[in-house]
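The values are calculated or read from the model by the stated rules, or taken from the named source; none is laboratory data. Everything quoted here is computed from the prediction, not taken from an experiment. Glycine gets a Cβ as well: all are built from the backbone with ideal geometry, and neighbour counts include every protein chain shown.
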Amino acid sequence: MEENVWSTGNNVVRQKKFGDLGIKDIALFSRSLRLRWLWYEWDSLQRPWKGTPVPCDQIDRKLFAACTEITIGNGQAALFWHDRWLLGNAPKDIAPELFSLAWRKNLKVAEALAGERWMRGIQRMSTETQILQSIKLWELMQTIQLSTSHDSIVWKRSNNGNYTAKSAYEAQFIGRIPQQQLEVVWKAKTEGKVKFYIWLLLQNRNWTTDRLARREWPHNPICPLCDQAPETALHLLLRCPYAKELWFSARSIHQRMADIALTATSINMWWRKLNSVGP
Ligand SMILES: [Zn+2]
């Protein structure tokens, strides 16, 4: 399960099943309502506002992308850079540095592919990363063949494949660490700075480069420790080969702790298992 990245940092208000009052978080709820704009952009109805910018921010769009699945047809609806139409990924995420160079960022897929318009501006690339990203993007695009059917979108969080505000609201709690599990951090017998680090980590609020990228702040796109994958909290703690090596060498000191780290697939799971009573 993907880690939750939609947290507003408000620990007072959250869903009832997470062990507290069950008052709706207004910020998260209004986000779930705003996604309706993005959903309507995909229908075939003539709406007067279509073609004008919708009132959604980057986080709205990320959440929308995580909740939907796009099947590319004629490329007339999906946005080339922003939508996750390329084998489940958005070119913007596959090649963030190229995206920053691209002249026109809101082309539809069909427009971008015609005459390779997506490449305009990209010829200015000057770094190794940009060149590698362009090769990767190019290779992935070779697998795509447009057809005559319409592009289609499915809402993954409802049974009938349609957007609902309720499911959009609930999606924002996926992977969130329940309050009791969060409070355990402060009881740990360790230094304050370590506790604080873990407390932030559990809520995905450390400044790993995926979060810097979302704010378009300066960042290194690849983990500096392994030079292989983007640096997310999950990568840094559990997935990075460098981290795995550290956990592996810790096996001689504390086998259970190390084994949990080596087998957990999310930070949520890691923390839950670490705190469960067991061998
Ligand atoms: Zn790494």
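So here's what we get for this one:
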| read-out | value |
| --- | --- |
| Selection status of L234, modelled with pLDDT of 90 or more and closer than 27 Å to P218 by Cβ | yes |
| Residue match in the range 65-85 (condition: surrounded by 18 or more Cβ atoms within 10 Å (Cβ to Cβ) and among the hydroxyl-bearing types (S, T, Y)) | yes |
| Hits in the range 214-225 - residues which are more than 16 Å from the ligand (Cβ to nearest atom) and within 16 Å of the chain's Cα centre (by Cα) | R214, R215, E216 |
| Residue match in the range 35-42 (condition: charged (D, E, K, R), part of a loop (DSSP other than H, G, I, E, B) and modelled with pLDDT under 80) | no |
| Flag if S249 is out of contact with any Ser or Thr (no Cβ under 8 Å at 6 or more places or on another chain), at pLDDT below 90 and more than 16 Å from the ligand (Cβ to nearest atom) | no |
| Lone unmet requirement of (1) exposed (fewer than 13 other Cβ atoms within 10 Å of the Cβ); (2) over 17 Å from H150 (Cβ atoms); (3) not aliphatic (A, V, I, L, M) for K50 | (2) |
| Top-ranked residue in the range 226-242 [being near the ligand (Cβ under 6 Å from one of its atoms) and in a helix (DSSP H, G or I); ranked as nearest to A264 (Cα to Cα)] | H235 |
| Failed item, numbered, when M269 is tested on (1) within 16 Å of the ligand (Cβ to nearest atom); (2) modelled with pLDDT under 90; (3) within 26 Å of L182 (Cα to Cα) | (1) |
| Residue selected from the range 206-232 under the condition within 19 Å of A243 (Cβ to Cβ) and among the charged types (D, E, K, R), by the criterion surrounded by the most Cβ atoms within 10 Å (Cβ to Cβ) | E231 |
| The lone exception for F196 - which of (1) within 15 Å of the ligand (Cβ to nearest atom); (2) at pLDDT 85 or above it fails | (1) |
| Pick from the range 174-192, criterion within 30 Å of K62 (Cβ to Cβ) and charged (D, E, K, R), ranking: modelled with the highest pLDDT | E183 |
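Matching residues to (1) touching a strand residue (DSSP E or B) at 6+ places or on another chain (Cβ under 9 Å); (2) more than 16 Å from the ligand (Cβ to nearest atom); (3) assigned by TED's automatic domain parsing to the domain that holds E116:
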| position | (1), (2), (3) |
| --- | --- |
| Q133 | no, yes, yes |
| S152 | yes, yes, yes |
| N204 | no, yes, no |
| L212 | no, no, no |
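Quick grid of which residues meet (1) more than 30 Å from I26 (Cβ to Cβ); (2) touching a residue at least 24 places away in the same chain (Cβ under 8 Å); (3) in the same structural domain as R34 (by TED's automatic domain parsing); (4) in a loop (DSSP other than H, G, I, E, B):
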{"position": "S167", "(1), (2), (3), (4)": "no, yes, yes, no"}
{"position": "W199", "(1), (2), (3), (4)": "no, no, no, no"}
{"position": "P218", "(1), (2), (3), (4)": "yes, no, no, yes"}
{"position": "P224", "(1), (2), (3), (4)": "yes, no, no, yes"}
{"position": "W247", "(1), (2), (3), (4)": "yes, no, no, no"}
{"position": "M257", "(1), (2), (3), (4)": "yes, no, no, no"}
{"position": "W270", "(1), (2), (3), (4)": "yes, yes, no, no"}
